[in-house]
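Okay, structure first, notes after.
The values are calculated or read from the model by the stated rules, or taken from the named source; none is laboratory data. Everything quoted here is computed from the prediction, not taken from an experiment. Because the Cβ atoms are built from the backbone with ideal geometry, glycine has one as well, and the counts that use them run over all protein chains shown. Each accessible area value is taken on the protein alone, full model and side chains, heavy atoms only, with ligands, DNA and RNA left out. Shrake-Rupley method; radii C 1.70, N 1.55, O 1.52, S 1.80 Å.
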Amino acid sequence: MAALNRVQTTEYETAVPPAAPTTGALDEAFYGEARQLVDRACTGDHRERGQCAVMIDDLLDRARSSLRGGELSPPTFARVLRAGALVRNMARLPELPPDPLVHDLVAHTVRHGLAAHNAAAQALRGTLAISRGLVDEALDAAVDAIATVELLDEHTVERALAMGDTAALLEQLGLGEKACEMYGKAAAAFAEIGMQRYQVMVTDDQVRTEVLHGMWLERLGQATAGAERFAAAARVAGAGMRLWRASESVLDIEEEFVASFYAALALADPDGDHEGALRKATGRIALPGQILAGLALIRLLARTGRLVEAEATLADLRAACRRFQLSMPVRLALSRGVLEVPREDQDGSSLVAYLGQLENELWVMRTARTRALHARLEHERLRRGQSLLRALTAKDPVTALPDRTVLDEMLGLQDTPAGGTADGGAPQMALAMVDVDDLELINQRGSFADGDATLRAIAVTLRNALRPEDSVIRYSADDFVVLMPGRTLDEAAELMRGVVRAATRLPYDRGHGATLSIGVVAVDPEEGGENALVRADDATARARERGGNQVAVSPATPAPR
């Protein structure tokens, strides 16, 4: 079930997670069955994916029962939950949405202190956000996943998988360079634990991302930079190819799983003899790397003067790709990254020109996302310090914001901010209590999943309005607290009025018609944090009494209660 708008409770606040049972035969059986269903869903059609979703739901019911009985370890249950969310996401069945499983996975990993599994869960949360067009939420999830992975001091398969999942999310966000870096780290992590099969497969992912980035640069008119990317991809592909051919443990990996290697080698060496390998790798299109190998084959055909065959092969490739959920870089590569043949649409305007404009806009967007990722990541690194367990257990599983367990500590941090000081040189800070009006009505009108979606949308709206040095905390079921060091009361009030307006403009499938009542106070340097919260709550109550959807300001600082 969904998280039911919960915030963290003492259930998640244990300093030391409970010890997990030793992995045994039952764990291996559950994990093996879950992996088989994921593999079937990856290569199956829509009907088979639906069947896999129903089957893995039954597996999850059995796994929950075994977990309650102490027969299944928490890490294995986390793996099964992750597999269930992946299969549901591929199946696209309205009655079996993946979101509740992702929420359960985040909460489960927090409850049992499974940091590596939590990083993978955050990456999966971001992937779902991308599929719904929620880029800010996806960026926040990527930041959570990266920051958690960076603090992991272990050499386990879970850590390596989390790196791969995080790289995949970065790739979907269009951040190819950062994704390649993370894929490389994942490959190294698999090498450290001797899992060469996974090392080869994640290296193929790295090569695919590098090739797509090179094609993008080509389409932007940066042919030299694109060629450099192809050369870099070919170097990694060559090492991956040697490992694949030399190790008995990975010989069962078929050509289709290393198709990106063939694509990179052919693009970096356009005059070489690659046709046979490319044809073998693209016998049946089922994976993204095979699409790139197909594009490389079409380039080869066009380069050698076989334009009719190249056009026919391109048409076949596009037809084969219609059943897949392709990333934007792959879709654009299929549209105009192969044969630069001008085509006209019904209005007579150039389709190539339109796609070129789209490419430029996407590049600007990619640059903005890169900056946002680095800024948020730096803030998260500072917040976490060196304590992974504290950062993990202080996360609200619904919004991924810090929860109220860290609020007292944050209120005690009264260091002088860069934004200025109050009269007399004392540091100034504004505090806002943000209440979601009628959250219970949203739950009743739709479902608790709608309420969770509303809370996540409000959390993103708040984060977007704030500076890196500001903080937003999930305080209670329908309340957030915002700390704004260095802001005057008037500045904070005006900022929160903008948040109120932004909430009313949220699309209905995100905000579900929610409005906000906000109380803003100035925190006296000598005032206790609890007293400031009481005053902010009183101001919020006044905003609600006036009909909600507004901000109330409390300028006075009464004597501490």
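Computed values, structure above
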read-out	value
Whole-Hz couplings from phi, Karplus 6.51/-1.76/1.60, listed for the range 105-118; x for Gly and Pro	5, 4, 5, 5, 5, 5, 4, 9, x, 8, 4, 5, 5, 5
Volume per residue of the C-alpha convex hull in the range 166-246, rounded to whole Å³	72
Space enclosed by the convex hull of the alpha-carbon atoms of the range 108-168, per residue, Å³	71
Surface share of carbon and sulfur [accessible, 1.4 angstrom probe, percent] for the range 38-178	51
Rounded percent of accessible protein surface that carbon and sulfur make up, the range 258-332, 1.4 Å probe	55
Under the Karplus curve 6.51 cos²θ - 1.76 cosθ + 1.60, θ = phi - 60°, whole-Hz ³J(HN,Hα) for the range 457-466, x wherever Gly or Pro sits	5, 5, 4, 5, 4, 5, 4, 5, 7, 9
Whole-number accessible area per residue in Å² for the range 105-146, which is evaluated in the context of all protein chains at 1.4 Å	18
Distant-in-sequence amide H partners of A430 (H built 1.01 Å from N, under 5 Å)	M484, G486, R487, V523
Relative packing of 150-158, 508-516, which averages over residues the other C-beta atoms within 10 Å, highest first	508-516, 150-158
For D396, distant residues with modelled amide H under 5 Å away	L401, D403
Of all accessible heavy-atom area on the range 508-547, the percent that carbon and sulfur account for (1.4 Å)	43
Mean Cβ neighbour count within 10 Å, used as a protection proxy, ranking 109-119, 299-309 highest first	109-119, 299-309
Linear extension gain, A368 paired with A29, 0.36 nm per residue minus alpha-carbon span	117.5 nm
Surrounding net charge for A85, when Lys and Arg each add one and Asp and Glu each subtract one, Cβ distance under 12 Å	0
Added length on full extension, which subtracts the Cα-Cα distance from 0.36 nm per residue, R306 to E48	89.1 nm
Segment M55-A223, length gained on full extension (0.36 nm per residue, minus Cα span)	55.7 nm
J(HN,Hα) series, the range 257-271, from Karplus relation 6.51 cos²θ - 1.76 cosθ + 1.60, nearest Hz, glycine and proline x	7, 10, 4, 4, 4, 4, 4, 5, 4, 5, 6, 6, 10, x, 9
